[in-house]
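Below is one structure, written out as structure tokens; comments come after it.
The values are calculated or read from the model by the stated rules, or taken from the named source; none is laboratory data. In this text, all values refer to a predicted model and were calculated from it rather than measured experimentally. In this analysis, Cβ positions are derived from the backbone assuming ideal geometry, glycine residues included, and neighbour counts consider all displayed protein chains. Accessible surface is based on the protein model in full, side chains and every heavy atom, while ligands, DNA and RNA are left aside. Shrake-Rupley method; radii C 1.70, N 1.55, O 1.52, S 1.80 Å.
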Amino acid sequence: MSIKVTNLTKYYGNYLAVDDISFEAKKGEILGFLGPNGAGKSTTMKIITTYLPPTSGSVEVDGFDVEDKSLEVRKKLGYLPELNPLYYDMIVTDYLEFIAKLDGVPRGEIKKRRDDMIRVCGLESVKHKDIGTLSKGFKQRVGLAQAMINNPDVLILDEPTSGLDPNQIIEIRNLIKKLGKEKTVILSTHILSEVTATCNRVIIINKGKIVADGTPQELQSKSKGQSIVTLEVKNNCDKNALLGSLKEIRSVNKVDFVKDTGDSFIFNIYGNHGIDLREVISGKVMLNKAIVLSMQAKQSSLEDIFRELTK
Ligand code: ADP
């Protein structure tokens, strides 16, 4: 069971929301779609789940094209949309039976599937309640239960833990990890810790483009390739001249002016991993007759690489 996305592009009118992305997801993979709000995550998920047509490119789910074979694709998929469209005046058991019928679960199996989902998603204590009266966490679990009621091979979960409290987040993450062993799961999030906690592969998407693809460990080790020095100097110096001379340092890859605090300037200076840039930076600061207020060196984290790739 796999998902194959090839050169997928989506325009809303003139607006390019998804820009020529390609990737594959395989069974047993929990693939995290990580990116800031507006990156194109939901749009990509809506196309994979056949709710939106692509402008160009293709998506195949288990070899079935989402445009030509949308019914086959829907049978294989469970989808938790970002705005979980539940029927608030139905009780949980009735709602799950209703969705099971819609999803084509054979008549004789409906009650069993319903009860399985109630057990797997921890809904026993609320199964006779109106959905509208449930807490956000339980509503999200009902959303997951409806996504899985037809035992799909592929689960597409749009921001599955959004709005949950920390305990509920841990429970839903554990549930997803358990499911991910037998299925192909794609989940989207704008929270970095979500992917490191749940996913075994991460695709970082920004402005409709894939900017990184790998295991959390691979991305982490890539990010270890840099050392960063944060430099704060008094603002009575020539900022542009200092910026220029910091950029001249041979082992420096990049210099960002971070901000003017009102009485100081702050810079981030990026160099190769393992090189301590502080001594040579001090020399440049002195040459520019600037006064150092603070200077801190660190190795970049996954968070830095995410910010770096998505700003
Ligand atoms: P994400 O899920 O990463 O937050 P989306 O896929 O929802 O991003 O949106 C990507 C971009 O497309 C955003 O700039 C959003 O405003 C725009 N967009 C989303 N849906 C529509 C739509 N129906 N019509 C026009 N623009 C849209």
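Quick check on this structure: which one of Asp276, Asp304 is at negative phi, open to solvent by 80 Å² or more (accessible area, probe 1.4 Å) and either assigned to a strand (DSSP E or B) or touching a residue at least 40 places away in the same chain (Cβ under 8 Å) (or both)?
Values: Asp304 fails: open to solvent by 80 Å² or more (accessible area, probe 1.4 Å).
After ruling out the rest, the residue left standing is Asp276.
Quick check: anything in the stretch 122-135 of a type in the set (Ser, Thr, Tyr) and surrounded by 20 or more Cβ atoms within 10 Å (Cβ to Cβ)?
Narrowing the stretch 122-135 to residues of a type in the set (Ser, Thr, Tyr): 125, 133, 135.
Add one more test, that the residue is surrounded by 20 or more Cβ atoms within 10 Å (Cβ to Cβ), and what stays is none.
No: the stretch 122-135 contains no residue that is of a type in the set (Ser, Thr, Tyr) and surrounded by 20 or more Cβ atoms within 10 Å (Cβ to Cβ).
So, in the stretch 29-48, exactly how many residues are open to solvent by less than 30 Å² (accessible area, probe 1.4 Å) and within 13 Å of the ligand (Cβ to nearest atom)?
If we filter the stretch 29-48 for residues that are open to solvent by less than 30 Å² (accessible area, probe 1.4 Å), which is where we start, we get 30-35, 39-45, 47-48.
The next check asks that each one be within 13 Å of the ligand (Cβ to nearest atom); those that pass are 32-35, 39-45, 47-48.
Number of matching residues: 13.
Is at least one residue of the stretch 297-310 over 30 Å from Thr198 (Cβ atoms) and at pLDDT 90 or above? Full working, then the answer.
Here is the first cut: in the stretch 297-310, the ones over 30 Å from Thr198 (Cβ atoms) are 297.
Now narrow it down to the ones that are at pLDDT 90 or above: none.
The answer is no; no qualifying residue exists.
Given the condition more than 22 Å from Pro160 (Cα to Cα), crowded, with 19+ Cβ neighbours inside 10 Å and more than 14 Å from the chain's Cα centre (by Cα), answer yes or no: does some residue in the stretch 50-58 qualify?
Keep residues of the stretch 50-58 that are more than 22 Å from Pro160 (Cα to Cα), which gives 53-58.
Okay, now just the ones that are also crowded, with 19+ Cβ neighbours inside 10 Å, so 54.
Then drop every residue that is not more than 14 Å from the chain's Cα centre (by Cα), which leaves 54.
Scanning the stretch 50-58, I find at least one residue that is more than 22 Å from Pro160 (Cα to Cα), crowded, with 19+ Cβ neighbours inside 10 Å and more than 14 Å from the chain's Cα centre (by Cα), so the answer is yes.
For the list (1) in a helix (DSSP H, G or I); (2) free of Cβ contacts under 8 Å to residues at least 12 places away in the same chain, I need the number of the one condition that Ser42 fails.
Going through (1) in a helix (DSSP H, G or I); (2) free of Cβ contacts under 8 Å to residues at least 12 places away in the same chain one by one, Ser42 breaks only (2).
Taking the criterion of being in contact (Cβ under 8 Å) with a residue 12 or more places away in the chain, among the basic types (Lys, Arg) and loosely packed, with under 13 Cβ neighbours inside 10 Å, would at least one residue in the stretch 282-289 satisfy it? Don't jump to the end; show me each part of the working.
Here is the first cut: in the stretch 282-289, the residues in contact (Cβ under 8 Å) with a residue 12 or more places away in the chain are 282, 284-285, 287-289.
Right, trim to among the basic types (Lys, Arg) and you get 284, 289.
Filter again for loosely packed, with under 13 Cβ neighbours inside 10 Å, leaving 289.
Yes: one or more hits.
Please find, among Leu16, Leu52, the residue that is in contact with a strand residue (DSSP E or B) (Cβ under 8 Å, 6 or more places away or on another chain), more than 21 Å from Ala212 (Cβ to Cβ) and in contact (Cβ under 8 Å) with a residue 40 or more places away in the chain. Explain how you work it out, then say what you get.
Values: Leu16 fails: more than 21 Å from Ala212 (Cβ to Cβ).
It is Leu52.
Only one of these is within 14 Å of Val229 (Cβ to Cβ), of a type in the set (Gly, Ala, Ser) and in a helix (DSSP H, G or I): Gly283, Gly244, Gly271. Name it. Give the steps one after another, and end with the answer.
On the way: Gly244 fails: within 14 Å of Val229 (Cβ to Cβ); Gly271 fails: in a helix (DSSP H, G or I).
Within the list Gly283, Gly244, Gly271, the selection yields Gly283.
Of the residues that sit in the stretch 160-196 and are within 27 Å of Lys101 (Cβ to Cβ) and in a loop (DSSP other than H, G, I, E, B), which one is farthest from the ligand (Cβ to nearest atom)?
Per the stated criteria, the residue is Glu182.
Filter the stretch 74-117 down to residues that are buried (at least 20 other Cβ atoms within 10 Å of the Cβ) and among the hydroxyl-bearing types (Ser, Thr, Tyr) and give me whichever is farthest from the chain's Cα centre (by Cα).
Filtering the stretch 74-117 for residues that are buried (at least 20 other Cβ atoms within 10 Å of the Cβ) and among the hydroxyl-bearing types (Ser, Thr, Tyr), the one farthest from the chain's Cα centre (by Cα) comes out as Tyr95.
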